[in-house]
Amino acid sequence: MTSLLPPPGSEHLRSLSGTGHLGVEVVSGESAVTSVRASSPLKLLVPRSRGRSVWAYLSSLGGGLVAGDETRLSLHLGARTRCLVSTQASTKVYRNPAGRPCGHQLHALLGTDAVLVLAPDPVQAFAGSSYTQRQEFHLAPGSGLVLLDWLCSGRSARGERWAFTRFRSRNEIFLGPERLLVDSLLLDPADGPLAAPHRMGRFNCLALLLVVGEPLREAGARLLEDTAAQPVTRGAPLVASASPIHGGALLRLAGERLEDVGREVRRHLACLADLLGDDPWTRKW
C-alpha cells in the first residue's frame, strides 16, 4: 500500500510546507505525545499532551486555506493509545479564481487497541473556492476509529449557498491489508447547480460520522438503534440515515441548519467522554 505521505521523520517530509506529524505512545501507563511538528500554514496545537487521551487541534495561519495551500498530516498512534484530533474552528476555504490546487491530506496509522477520534469542525467553502481532501486510515486488530467529515454550504448569511467551484472528499479505511470502506463525495456545479432542489435543495450542511472497531462496538450498535427509532417526517429540517459496516456503523446527516447537525453529532459523540477522559465539546457546537 502506497501511503499519502513519506515516512515520518524523513528529510522530504520535513522540507514540505504545510506538513505536520503527531506521534502518540503509552508512557508510564498514559497516552503521551512523543513527537509533534508542523510547518506553515499548518499549525498543530496540543493542549493535552498526556493523560487518558491526547488532545490535538489543527489550525492554520489566517484561519483557512487560500489558493495553493495544500496541508498534509501524518498520525501515528502506538498500541493502546487514545487520541482526539479536532480543529480550533471551521476550515475556511477562500475563493480561488486561478484554480490553483488547494486541499488537505491525512494519513493515520493505528496500533493494536489504539483509538483515534478525528472530529474537526466543518469545512466552509466560500464562493469561487476549490477544495480536495483525502484521508487514509490504517487500523490494526483491536483498534478503533471515530471519523467525522462534514461541510456547510458556505457563507449563507451573505447569500453564498453552495457557490464554490468544486469540493471533493475521499475517506479510505483499512484493517490490515483489507479495505473496509471507501467513501467519496464530489460536489461540482458542472453536474448541475448545487443549490437546485434535486441536489442540495433546502439543506445547508452535510455530515458523515463513522464509528468502527472493537473498542467502539457498543457505540456503533447504539448509533444504529437510535437512528432506526427516529421517525421519518416529510420536510424535516434534519434527516439521518445509518448503515451497518463491518465492525461498526456509518451515519449520514443532512440539515437545513449547521447548528442542528452539530447538536445531533454531539449527541452521538457524548459516549466518548469516558474514553477521552472529559467532554471536548463542552465549549464547542
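Since every read-out is calculated from the coordinates, none of them should be taken as a lab result. If you're wondering where the values come from, they're calculated on a predicted model, not measured in any experiment. Note that each Cβ is placed from the backbone with ideal geometry, even for glycine, and that neighbours are counted across all protein chains shown.
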Fill in the blank from the handout: Here the gain from full extension of Arg234 to Arg257, 0.36 nm per residue of separation minus their alpha-carbon distance, amounts to 6.6 nm
Problem - Fraction of alpha-carbon pairs over 18 Å apart in segment 199-246 - percent - result: 41
Problem - Rg(Cα)/(2.2 N^0.38 Å) for segment 46-165, N = residue count - result: 1.17
Exercise for the section: Could you work out how far apart the two model spin labels at Thr112 and Ala89 are, taking each label as a point 7 Å from the Cα in the direction of the beta carbon, and quote it in nm? Expected result: 4.4
Fill in the blank from the handout: Quick P(r) readout (the chain; Cα-Cα; 5 Å bins; whole %) gives 1, 5, 12, 16, 19, 18, 14, 9, 4, 1, 0, 0
Fill in the blank from the handout: Counting Lys and Arg as +1 and Asp and Glu as -1 over every other residue whose Cβ sits under 10 Å from the Cβ of Phe126, the net charge comes to +3
Fill in the blank from the handout: Per residue convex hull volume, Cα only, segment 100-248, in Å³ is 121
Practice task
Rounded to the nearest 500, what is the 222 nm mean residue ellipticity of the chain from helices alone, with -39500 (n - 2.57) per DSSP H run of 4+ residues and division by all residues?
Solution key: -3500 deg cm²/dmol
Exercise for the section: Of the options Leu185, Gly154, Pro231, report the single residue whose Cα projects farthest towards the positive end of the charge dipole of segment 73-276 (beta-carbon charges: Lys, Arg +1; Asp, Glu -1). Expected result: Gly154
Exercise for the section: Could you order peptides 68-75, 92-99 by the average number of other Cβ atoms within 10 Å of their residues, highest first? Expected result: 68-75, 92-99
Exercise for the section: Give, in nm to one decimal, the length gained when the segment between Ala196 and Val27 is fully stretched (0.36 nm per residue of separation minus the Cα-Cα distance). Expected result: 55.5 nm
Handout entry: Net +/- balance of residues flanking Gln135 in space, Cβ distance below 10 Å, scoring K and R +1, D and E -1
Key = -2
Exercise for the section: Report the trypsin sites (Lys or Arg not before Pro) located in segment 164-229 that are in a DSSP loop and have at most 15 other Cβ atoms inside 10 Å of their Cβ, or state none. Expected result: Arg199, Arg202
Practice task
Pull out a ≥ b ≥ c, the square roots of the eigenvalues of the alpha-carbon gyration tensor of segment 109-163, then state rounded if a/c is under 1.5, prolate if not and a/b is larger than b/c, and oblate in the remaining case.
Solution key: prolate
